[in-house]
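Each remark here refers to the structure printed beneath this line.
The values are calculated or read from the model by the stated rules, or taken from the named source; none is laboratory data. Since the model is a prediction, treat every value here as computed from it, not as a measurement. Please note: Cβ atoms are built from the backbone with ideal geometry, for glycine as well, and neighbour counts cover all protein chains shown.
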Amino acid sequence: MGFSFSYAFIVIAVVVVIVIAKTAIVVPQQSAFVIENLGKYSRTLQAGFHILIPFVERVAYRHSLKEIAIDIAEQICITRDNVQVGVDAVLYMQVMDPHLASYGITNFGFAISQLAQTTLRSEIGKIELDRTFEARGTINTNVVSELDKASAPWGVKVLRYEIKNITPPRDVLQAMEKQMRAEREKRAVVLTSEGERDAKINAAEGDKQRVIKQSEANKQQQINEAEGQAAAILAVATATAEGLRQVGIALSDRGGIEAMQLRIGEEYVKQFGKLAQAGTTLVVPANLTDLASIVTMATSIARKSPAAPAA
C-alpha cells in the first residue's frame, strides 16, 4: 500500500514537472517565439515570461531578432565583355516579422542567399571587367534593392550586401598588370614632359620680364637724363637772363655807361692780343685799331637796348 502511494506520488510529480515545462516559457531578449494552438498560429511571444496552455499550445518557431550575417559563397560570374570572375560576398539581414518569417517561406536564409547569388550574376553581367572594381558600391546597392523587394513578404529585411573579393582569371590579371604598368609609365613620361615644358615656359617668361624691366629701366634713365638736361638748360637760361637783367639795371644806374665802355675796351684789347698770338699773318679791318670807334659802337647798341634808357 505504501509502495503504491509513493509510486503514484512520483508519477504525479513527474507529470507536474512536465506540465510546468510545457506551460512556463521564458523568451530571451531580442528573440520571438511563434505559438501554435492545436497546429494553428495563435500568437507571437516577445521577450519575458509566458504561460502556455498545457498540451494545447506549443512553441512552433524560435526567431532571433538580431542582425544576421550570411556568407555568400564564391561563384563564377560573366561580365559584359565575356570575362569570368569569381565573386564572394557577405549579406546582412534581420527578421522584422516573425509570423511571416515562419509561414511565408520554409527557409528564408537559404532563399535569400540563393537569390543574392542570382542577382549578383545579373548585376555583374551588366558591366565590363574594368568597371567591376570601381562599381562595387553600385552593385551592392542594386543587390540590396532587389533582395529587399523579394524578402518583404517573408518578414525579413536585407540591410547590407558587401562584395568581399572579385577574382579575375590569372591571364586577365597579368594583362591588367601590364596595362597598369604601361599607364604608370605613360603618366611618368607625360609628367616629365609637362615639367620640362613648364620649366621652359618659366624661363622664357623670366627672360621676357627681364627684358621688359631692363627696357623700362633704360626708358626711365633716358627720361631722367632728358629731364636733367632740360633742367640744366633751363637753369643756364635763367641765369643768363638774370645776368642780362642785372646788366641792364647796372647800365641804367649812374656811371653804368662809363663802366661798360671801360669793360668793352679791356675785353677788346684782351681778345685782340689773343688773336695776334694765334698766327703770324692777320688781315684786319682798317679801323680795327681804332678803340674809340669800337667803344662808341657798343655804347650806341647799349643805348638802343630796352633795358638801358637814353642818356
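Counting only helices (runs of 4 or more DSSP H) wholly contained in the range 93-202, the ones carrying 1 or more residues that are closer than 19 Å to Leu65 by Cβ and touching a His at 6+ places or on another chain (Cβ under 9 Å) occupy 98-103. Taking the range 30-48 as the range and being part of a strand (DSSP E or B) and either assigned by TED's automatic domain parsing to the domain that holds Tyr103 or surrounded by fewer than 16 Cβ atoms within 10 Å (Cβ to Cβ) (or both) as the test, the residues that pass are Asn37, Lys40, Tyr41, Arg43, Gly48. The residue pairs whose first member lies in the range 103-119 and is closer than 22 Å to Cys77 by Cα, whose second member is among the charged types (D, E, K, R) and part of a helix (DSSP H, G or I), and whose beta carbons are closer than 7 Å, counting only pairs six or more residues apart or on different chains, are Thr119/Glu146.
Here is the figure for the range 71-116: residues that are within 40 Å of the chain's Cα centre (by Cα), polar (S, T, N, Q) and surrounded by fewer than 17 Cβ atoms within 10 Å (Cβ to Cβ) total 2.
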